[in-house]
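No value in this document is a laboratory result; all are computed from the given coordinates. Predicted, not measured: the structure shown is a model, and the values here were computed from it. Cβ coordinates were reconstructed from backbone atoms using ideal geometry, including for glycine residues, and neighbour counts include every protein chain displayed.
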């Protein structure tokens, strides 16, 4: 409790922390907002760009694969339109045509065969022994009979190798014949395998039953195929023409208005974890589905890399902001500390100036008070001199002794008066310590006693007995009290009045009331009386600093000062000083005793 200054170390630490938080928040808020918006827009734009690129690549591969199939089917169709039944039934003729097709297409055509309406292959050219094979129960044969041209799914068949058949139906001599050719699976599969982007990108083809029509990598076989089934169903039934549609089990589905354009699905993989992108497009007039899959982390690798770089830059920038905030706040706090110290020094100088002003106002009364004992001392000294001059010897030693004693007493009185004056005017340490306010009030009253007497003012002291001690700076509180007393005396005209000083306990505070019966303060001026340099006294009679100094001193002691006034009735200043928690209980007891003896007190 010895040091309760507002501007202590805790105050500066709190100020620095608050300043640091404000700087960081003000700096980071717009940075986070702008960075978040830009990164979000960039992410959306980049993802759209990547997806659009994947859709374009998948669409080109669809065109290539459909073109491949249409081309092979067209070659067989041309043969049925160019050559007759007798030529095609000739195996040597078929062998020659197969050689031409293999030479032109690099071995894509594996064999050629002519099948009658009962499913018997009547002519065959190729490396396998498939002459006179009965295809009547083969699934591809049954489907080929229902359309003019047909491309089968991939199957093992009699040769035990994956392959698929292109077939064209033709009527000769009133009978149905089918010219078929086996397409090399390896050449067809290479068209799909070429569709690889990044480290995890892969492509495969499935039919409506979800059966793979190409060599599917293990990742494709083990991944979730719920979205593939939904897309197959959607393609078979027709998707609505909206730009964005939702399929159950997927996170995002994007579809263009043309049903033959790719559909993009972003789905979570429950087995591998994370997200992956699936771009699907129909093949063979919707009978097959070309599916391209890639992990989202791989597809958006550049985006994630850019986000990491942006995060590093943001962290470095944030570190710079925090560092600069620390440096600036530290510099500002140092300037604030220096400014507060200079302010305290100025306040102390102002307080000392106020003391000197108060001493000046007391000068007349002090001079008169000192003049009385000095006059007695001079008179007594003269009396001794007269006794010694009469006959050169002292016949009355008792009278001389009395005169010397009087001189000694009056000298001591002068010393006491000057000691009080010097004690008040002396520069003292404003450190707070526990004091008894009644004692300080009595000392101030003693200093002002002569001025009170010559101002024709009656002083009433109502000092509560057993008043709890409070933490104040004694010299500064004496100055506050002296200022209030001088102002009260100035407010009362030459006709005099009553000055009443009261001490009491009010809850957790000790209250000192200084009341006068002077002219009072106009209501318009009550809100300004504590402002520096505000005064209602004539020019040369006041500086306007007295009450401002009082206000600052009381606030520094964690107290309060207030005023009540009415023009023509008088003014009362209330000074409230806080009690320590342990003294609060004592104060309540004193307050109760004071209420019981409200009429008690003293006068001088």
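A few notes on this one:
- Convex hull per residue volume in Å³, alpha carbons only, for region 111-167: 76 Å³
- Taking 0.36 nm per residue of separation and subtracting the Cα-Cα distance, full extension of the segment from residue 569 to residue 173 would add 128.7 nm.
- Given their separation in residues at 0.36 nm each and the Cα-Cα distance between them, residue 199 and residue 309 gain 37.5 nm when the chain is fully extended.
- Label separation (residue 48 vs residue 435): 7.8 nm, computed from points 7 Å beyond Cα along the C-beta direction.
- q = 0.12, 0.14, 0.21 Å⁻¹: log10 I(q)/I(0) that the Debye formula gives for region 128-221, counting C-alpha atoms only: -0.48, -0.62, -1.11
- Shape call, region 83-187: gyration tensor on alpha carbons, a/c limit 1.5: oblate
- Projecting label points 7 angstrom from Cα along Cα→Cβ for residue 93 and residue 323 puts them 8.9 nm apart.
- The per residue volume of the convex hull around the alpha-carbon atoms of region 1-155 is 255 Å³.
- Contour minus Cα-Cα distance for residue 331 and residue 83 (0.36 nm per residue): 79.4 nm
- Two-site label geometry, residue 186 and residue 104: point separation in nm, points 7 Å out along Cα→Cβ: 2.3 nm
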